[in-house]
Every structure is written in structure tokens, then in C-alpha cells.
Amino acid sequence: MSDQLDPAPYDALLLLSFGGPEGPDDVVPFLENVTRGRGIPKERLKEVGQHYFRFGGVSPINAQCRALLAALREDFAAAGLDLPVYWGNRNWTPYLTDTLREMVRDGRSRIAVLATSAYASYSGCRQYRENLADALATLEAEGLPLPKVDKLRHYFNHPGFVEPMIEGVLRSLAELDEDVRSGAHLAFTTHSIPDSAADTSGPVEDHGDGGAYVRQHLDVARLIAGAVRERTGVDHPWRLVYQSRSGAPHIPWLEPDICDHLEELHKEGAPAAVMVPIGFVSDHMEVLYDLDTEATAKAAELGLPVRRSATVGADPRFAAAIRELLLERAATERGATAERCALGALGPSHDLCPVGCCPARAERPAAAGADSPYA
């Protein structure tokens, strides 16, 4: 096998995602998994679950993971890369622990992990690493051999992640009426998180003033806005905004909210807007409800023409980017020099999360990092 296509030392790739309900009876149990340990009453969970019940109790995220799995397997086969791809979730079937158990029984001993979250944050990185540690502890208690797991680096600025989003913005702009298109504002959206979580995201040296979470999103927004300007000749005003806030109202979270931002654009006389969900890999519930339903209704109420551009989803360029990330890390693990693709000002992210990176809310072991108990 060519060194460029050598996945060694890895003998499998694990796609690690959030999970979601696939029917009405799944919604409350799913939300109980998501909120376990927070003491939220079941009646409150039923209220929260209305977003899911509105869509038949089905989150699109699992179907989107299946589509990405298929795209990865197709890409690997076309490239001549013989490596099995598995899928496990944090909060719903197929559960991570069950998938890792299956992988061990299939003889997999060195696993590369791709999380469906592109940016640095507790919930988008370290919590997945905690989930991996919990799953490994379960396998250890069952007397199974433990695989070594390595989480692939953040890919927010990889060309295969950014380019599909650029094209999505261009398509959305083209859908607007010509008389409002050139003045359209770009609203780059991502999941709001508590200010405290943002400020401590990424390595310790990045902490403060929104941390790596905000800086990484701003870098991607600049990349996309710059590419749109180069390809259209129009410099569209833009801003990074937030959505999907949850939690106690007295705790500060990242702002402004997308709906508040749309109201502000309307007051300022903006002729139109394109919502660009750069913080999300696929069109799951936060996109389907918070943007396509709630924010779009707000725009209609204001009389503001609005479009929502596509997420990356199972785009073949994203599948190819994941292959490149895998082979890059494999080469590094073998001690070889690897090309590390990255756009923008921040450069490629670290391979191994350092101590103090996206610190936990409470002390818990986390795998695949410098502080991992599973070397």
C-alpha cells in the first residue's frame, strides 16, 4: 500500500455523534439521556420535546449520520483505502459503548475517532472524550481488551468543510430576488453556549474573551465572507450570531440570538439576509427548528426576505476531508511528515488535547487527550 493511503496504525474509524430520537416514543427517553444528572422533571422534558413532536418525534441527525457513513465508505473504496467505518452515539442508539464493544469483538485495537463537531468547546470536544472514557471503563469492567482511541483534530478550517459552505451561501444568495441580493447580510450562526464555557474553550493559552470557540467561528465566517466577495464582487455585511440557547436565564450565554439579530437588521433597513449555520455539520434539529422554523417565521413577521444556506452534511468533499484527516494522523503516529490542510489565520488544530483544554464542569476522566487515563 502507498504511504499516502496507509491507515496504519489504525484498523478502524469511528464516527461519533450526538444521536437523536427516531419516533415519538423515543423523545422523552432521549432527552432524559441528554439531561441526565440535572434533575429535570419528566413533564418539563415533554415540553422541551415539542420541537421533536412537531416533526413526528424524529430527529434528522441519525439519518444524516447514515448518509455520512455511506459517503465515507464510498470515498474510502474509491480511493483504495481498506478501512472499516463504525458509528456510535452519545445519547441514542447505536450507543457508543455498544459500538466500541462490537469493534473490540471484531478485533479492532487502534481506532481513529471523528466527532461530528468541528470546533473546540466542552460539549463539542471534551464531553465526547469523557464519553469515550466512560465506554472504555465499561469494557474494562466487562473484562474486554481495551482499544487505543485517538480523536482526530478539529476540522473547522479544513478546505473540505469550508468550501461546501461557501457554495451554499452562493446558492442562497442566488435564490434571493435580484433587487435585494447585493445588499443581503450574512448571519453566520452557531450554537450558543455559556460565556464561561466559551471563555475556557480550547487550550489554556486561548482562554478568555470567547476562547477558541468564538475565534474559530469568526475565522470561518471571515473565510466564507471573503470567498463570497471574491466570487461575486459584492462585499456583504456579516456578523457571527447564536441560536439554540438553553439553561437558566440568569446565566450569561453568547449573544446575539439569531431572531434578535434579524429584528436588528430589519430596524437598520437591511433588504435581506442569508443565515449560514457554520456551527453545524448537518441539518439536524437545531437547524430544522431554530432556523428553518422559528427564525424563518420571525423573518416573515418582519417582512425580511431570508434564506438559509446548506450545511456540509454528506458532501463528498467533506468525506474526502475526513479521509485526509485520518491519513494525516496515521502518518503522524508512524513518525512520518504529513501535510496538514487548513485555511484562514489559525492554522491546523492540535492532535492531542492538552491538559486544561476545554475543562470539565466536574472532574471526570477523558480519553484521547494528554490527560487520558487510557494511554
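The values are calculated or read from the model by the stated rules, or taken from the named source; none is laboratory data. This one's a predicted model, so the numbers in the text were calculated from it and none came from an experiment. Using ideal geometry, Cβ is built from the backbone for each residue, glycine included, and neighbour counts are taken over all protein chains shown.
Are any residues in the range 232-291 touching a helix residue (DSSP H, G or I) at 6+ places or on another chain (Cβ under 6 Å) and without any contact (Cβ under 8 Å) to a residue 40 or more places away in the chain, and if so, which ones?
Scanning the range 232-291 gives 235, 259, 266.
Would you mention how many residues in the range 352-370 are crowded, with 19+ Cβ neighbours inside 10 Å and in a loop (DSSP other than H, G, I, E, B)?
Number of matching residues: 5.
Within the range 323-351, how many residues are in a loop (DSSP other than H, G, I, E, B), over 30 Å from residue 194 (Cα atoms) and of a type in the set (A, V, I, L, M, F, W, C)?
Summing the residues that are in a loop (DSSP other than H, G, I, E, B), over 30 Å from residue 194 (Cα atoms) and of a type in the set (A, V, I, L, M, F, W, C) in the range 323-351 gives 3.
Suppose we keep only residues that are assigned to a loop (DSSP other than H, G, I, E, B) and under 25 Å from residue 371 (Cβ atoms) within the range 165-201. Which one would you say is farthest from the chain's Cα centre (by Cα)?
Applying the first criterion (assigned to a loop (DSSP other than H, G, I, E, B)) to the range 165-201 yields 176-177, 182-184, 192-193, 200-201.
With the extra rule that they be under 25 Å from residue 371 (Cβ atoms), the set shrinks to 193, 200-201.
Numbers: 193: 13, 200: 18, 201: 15 Å.
Here the residue is 200.
Any idea how many residues of the range 275-285 are surrounded by 23 or more Cβ atoms within 10 Å (Cβ to Cβ) and not in a loop (DSSP other than H, G, I, E, B)?
The total comes to 2.
Of everything in the range 329-375, what is touching a Pro at 6+ places or on another chain (Cβ under 8 Å), of a type in the set (Gly, Ala, Ser) and within 26 Å of residue 317 (Cβ to Cβ)? Give them in sequence order.
Listed by number, the residues that qualify are 330, 342.
When only residues in the range 1-43 that are within 30 Å of residue 331 (Cα to Cα) and hydroxyl-bearing (Ser, Thr, Tyr) count, which is farthest from the chain's Cα centre (by Cα)?
Residue satisfying both the conditions and the ranking: 2.
Determine which member of the set 119, 128 is in contact with a strand residue (DSSP E or B) (Cβ under 7 Å, 6 or more places away or on another chain) and aromatic (Phe, Trp, Tyr).
Criteria check complete, one pass: 128.
Quick grid of which residues meet (1) closer than 15 Å to residue 352 by Cα; (2) surrounded by fewer than 24 Cβ atoms within 10 Å (Cβ to Cβ); (3) touching a Gly at 6+ places or on another chain (Cβ under 8 Å):
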{"site": "116", "(1), (2), (3)": "no, yes, no"}
{"site": "119", "(1), (2), (3)": "yes, no, yes"}
{"site": "125", "(1), (2), (3)": "yes, no, no"}
{"site": "130", "(1), (2), (3)": "yes, yes, no"}
{"site": "138", "(1), (2), (3)": "no, yes, no"}
{"site": "143", "(1), (2), (3)": "no, yes, no"}
{"site": "147", "(1), (2), (3)": "no, yes, no"}
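Could you check residue 217 against (1) part of a loop (DSSP other than H, G, I, E, B); (2) closer than 28 Å to residue 126 by Cβ; (3) of a type outside the set (A, V, I, L, M) and say which number it fails?
Status for residue 217: all satisfied but (1).
Based on this model, can you work out whether residue 301 counts as farther than 23 Å from residue 90 by Cβ and in the same structural domain as residue 206 (by TED's automatic domain parsing)?
Considered against the rule, which asks whether it is farther than 23 Å from residue 90 by Cβ and in the same structural domain as residue 206 (by TED's automatic domain parsing), residue 301 comes out as yes.
Among residues belonging to the range 296-312 that are in contact (Cβ under 8 Å) with a residue 60 or more places away in the chain and crowded, with 19+ Cβ neighbours inside 10 Å, point out the one that is farthest from residue 116 (Cα to Cα).
For the range 296-312, the residue satisfying everything is 305.
Scan the range 229-255 for residues that are more than 12 Å from residue 184 (Cα to Cα), within 23 Å of the chain's Cα centre (by Cα) and of a type outside the set (D, E, K, R) and jot them down.
Hits for the range 229-255 are 240, 241, 242, 243, 244, 246, 247, 252, 253, 254.
Could you say whether any residue in the range 28-36 is among the aromatic types (Phe, Trp, Tyr), within 21 Å of residue 319 (Cβ to Cβ) and assigned by TED's automatic domain parsing to the domain that holds residue 329?
No, there is no match, as no residue in the range 28-36 is among the aromatic types (Phe, Trp, Tyr), within 21 Å of residue 319 (Cβ to Cβ) and assigned by TED's automatic domain parsing to the domain that holds residue 329.
Out of the residues in the range 256-274 meeting the condition of being within 16 Å of residue 294 (Cβ to Cβ) and within 22 Å of the chain's Cα centre (by Cα), tell me which one is surrounded by the fewest Cβ atoms within 10 Å (Cβ to Cβ).
Per the stated criteria, the residue is 256.
Is there a residue in the range 6-16 that is under 18 Å from residue 325 (Cβ atoms) and assigned to a helix (DSSP H, G or I)?
No: zero hits.
Restricting the range 44-98 to residues that are among the aromatic types (Phe, Trp, Tyr) and closer than 30 Å to residue 247 by Cα, which is surrounded by the most Cβ atoms within 10 Å (Cβ to Cβ)?
Only one residue fits best here, namely 52.
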